[in-house]
Structure formats: structure tokens, C-alpha cells
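Inspection log for the structure reproduced underneath, given as C-alpha cells.
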Amino acid sequence: MAEPAQVAALLLNWKRADLTLRCLADLFAVHDVPLHVFVLDNGSGTDEVAALQRGIAALAAGAHRVELVTLPDNRGFTGGMNEGLRHATAAGIPFALVLNNDLRLPADFLRPLVDALRNDARLAAVGPTVLHPDGTVWAQGGERAFTPNGLRLCGHRGAPAPRTAGPEEVGFLPCACVLFRMSAVAAVGGFDDAYFMYWEDVDLCERLRARGGGIVWLPWVTVEHASGASSGGGRSPLRKFLMACNQVRYLRARGTVMGWVGWLCVDVLAWPVTLVSGPRAAWAKLRGMVAGLCGHAASAGDVAVWLRR
């Protein structure tokens, strides 16, 4: 009889079956933690779903179980992952691994994350060092900061911290790769769907911390991430719009005086600097800030608008 799954791996797909199947193959190579993988297609269309079905059938899952969940429309990162969390809850799985599909995962990456949650009941979420393909750091956790967009990815573009460092409490864990304790996530209601994509990880980690949950980065675990595959890259109009809109949404919900001052100085007054990224990106950021002030909830409609421009 197969060992019950300890981790629900939530792998979201939106029109990139090639990346999703590559990441799935990496998950299937994990040998020391039984997985139930939920491949969540975010309304990509029949051709994309068929490609996922063929690819899943061709891969050898080994001791793991895989399930394809097809959503009728694009519900964003938050809506797709919340659907995965509902499936994980129904299956009674204690931990949920939230993943971007453009990750490359070594076969031994998961066990240390699981062990951390098992050995410290205070922890709500743990995450690894996330590297660029060139070996520099994409993120070693993150924090709110007096910077553009109000966020800093710790260690970004530097050399990885020694594996002997940490573990370290961080402000938030970017949801490119995070292992969550399901009971903690359920207690706060999962991701806030109003964020759709971007800032949802900051918001969730803040709510987990408010209930006493630890948010910890483990430097001795590394994965590789090619960021921006879904939104067109860091300077794309779509990312500029969503980041700006959701930054203001967060400030409206949890912002401090200093947070608002930082936004005014670094994002509003310095907005002309964004023109370096191109007029479309600058216009998208401006529209995003206004939308956030007006209480706009990001949606698939915004994706359609800003990917088309």
C-alpha cells in the first residue's frame, strides 16, 4: 500500500505546458517525500489541457500521485492556488508546496523544508534560497522596504548566503517556492483573491505572522527560478500595472504612515523615472496606482488589457 502523501504540490499552469511538465518531471524525481501533485490549469484552453494530459501520461510518477484540475477561466495566481488548497484540504494533506512552473528543482530540495515544519510547530511557512539560472540570488526571502514597489527581495543579484547560515525569520517568502503548514493557511482563509497576482504572498505572510506563525528562510536549500514567465518579465506593462495596483491595495489594508510616505516619495514623486522602462510600462504603473487608490481588484480583465498593449 502506497504511503499517504505528506505534501500537496500545487503547480499552476497558464499557457505554458512546456514549463509545467518540466517542473512536474523534477517533482517526480523527489524520492524521499510522498507527493500528491495538483496540476492546476488556469483556463488555458483545450489545446493546452490536451498537452498537459499527454505530458502527464508520458511521465513516470513513481510513488507520487498526480491530478490535473482544469479551471474554466483565468483566476490568477491567487484563485488557482486557492483551488489547489481546497483540494489539499479535502485530501487531508498536512503541508502544501506552492510553486511557480518555471522552477528547476533538485531531487533533495523538499525533505529539509518538511523537516523544518515538522520539528517546529510555531512555523507557518518555510522557503529556500531561490537562484537565477546564472547562480546569483533571486530571493532569500523578502521584506517591505523604502524602495520602488515597496518591496525588497533579500540578497537579490548577490552571491548566495553560506549554507551554514540561518535559519532566518523574514518579512515574507515569495511564492515562487514556499512550503506552507495547511492548518495555518486554513486558519487565515488562504490567499486573498483580490490580489490576483503579486503582493498576495506579502499579504498572506503578514496574516500568518499576525496569528503567531513563523515565516522562515532556509539557506541550505536552493532551487532555480526564471522569473516573470507569466507576466512577460519584470518591466512588462502587465507586471507594472499589477504591482502598482496591489501595492496600494496592501497599503489601504495594512499600510503605516511610513509605508504611505515611502510610496509617495519612491513611487509617486519618482514616477517619471519609470519612463526609462518605456512609455507603456510607465503608463501602466500610473494606471495601476490610480486603480489601487480607487479600490480596484485585479482580475483576468487586466491581463487581457495589458498583455495586449
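Side notes on the structure shown:
- Residues (small (Gly, Ala, Ser) and either farther than 16 Å from residue 297 by Cβ or without any contact (Cβ under 8 Å) to a residue 12 or more places away in the chain (or both)) located in the range 55-79: 55, 57, 58, 60, 61, 62, 63
- Hey, residue 255 exposed (fewer than 15 other Cβ atoms within 10 Å of the Cβ), without any contact (Cβ under 8 Å) to a residue 40 or more places away in the chain and within 22 Å of the chain's Cα centre (by Cα) or not: no
- The condition of being under 17 Å from the mean Cα position of the chain (by Cα) and farther than 28 Å from residue 263 by Cα holds for only one of 82, 119, that being 82.
- Residue within the range 80-102 that is acidic (Asp, Glu) and out of contact with any Leu (no Cβ under 8 Å at 6 or more places or on another chain) present: no
- Per the conditions (1) surrounded by fewer than 22 Cβ atoms within 10 Å (Cβ to Cβ); (2) out of contact with any strand residue (DSSP E or B) (no Cβ under 6 Å at 6 or more places or on another chain); (3) closer than 30 Å to residue 126 by Cβ; (4) at pLDDT 95 or above, the sole criterion not satisfied by residue 243 is (1).
The values are calculated or read from the model by the stated rules, or taken from the named source; none is laboratory data. These numbers come from a predicted model, not from an experiment. Neighbour counts run over all protein chains shown; Cβ positions are idealised from the backbone, glycine included.
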